[in-house]
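Below is one structure, written out as structure tokens; the observations come after it.
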């Protein structure tokens, strides 16, 4: 099955950068098994923290057969881990993952590789 690549960025609220580090660390360590189990439609995900003069941003990259399904499944899920995950995102970014992303997912305009 073909994998689609999706990437987007979200602002980290002022004073929440260290909390974002802790959240990512929890997903990489103590909550990794839960995170892996929750990934039903996503096959690869990477996060990058970009600090700028305008504040900190989390850049999220993922691969999935259907990026919209990834976001839709998260928005609708009432599984305890997913509820916790959405609460963390809301507290760090102010973004409510139960609502559609304004404008939808970004449109890829360039893809290059040396194959």
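The values are calculated or read from the model by the stated rules, or taken from the named source; none is laboratory data. Because the structure is predicted, anything quoted here is derived from the model rather than measured. Counting neighbours? That spans all protein chains shown, and the Cβs are built from the backbone with ideal geometry, glycine included.
One residue stands out in segment 1-12 among those that are touching a strand residue (DSSP E or B) at 6+ places or on another chain (Cβ under 9 Å) and more than 25 Å from residue 78 (Cβ to Cβ): the one that is modelled with the lowest pLDDT, namely 3.
Kindly indicate whether any position in segment 3-17 is in a loop (DSSP other than H, G, I, E, B), within 14 Å of the chain's Cα centre (by Cα) and at negative phi. Checked segment 3-17: at least one residue is in a loop (DSSP other than H, G, I, E, B), within 14 Å of the chain's Cα centre (by Cα) and at negative phi.
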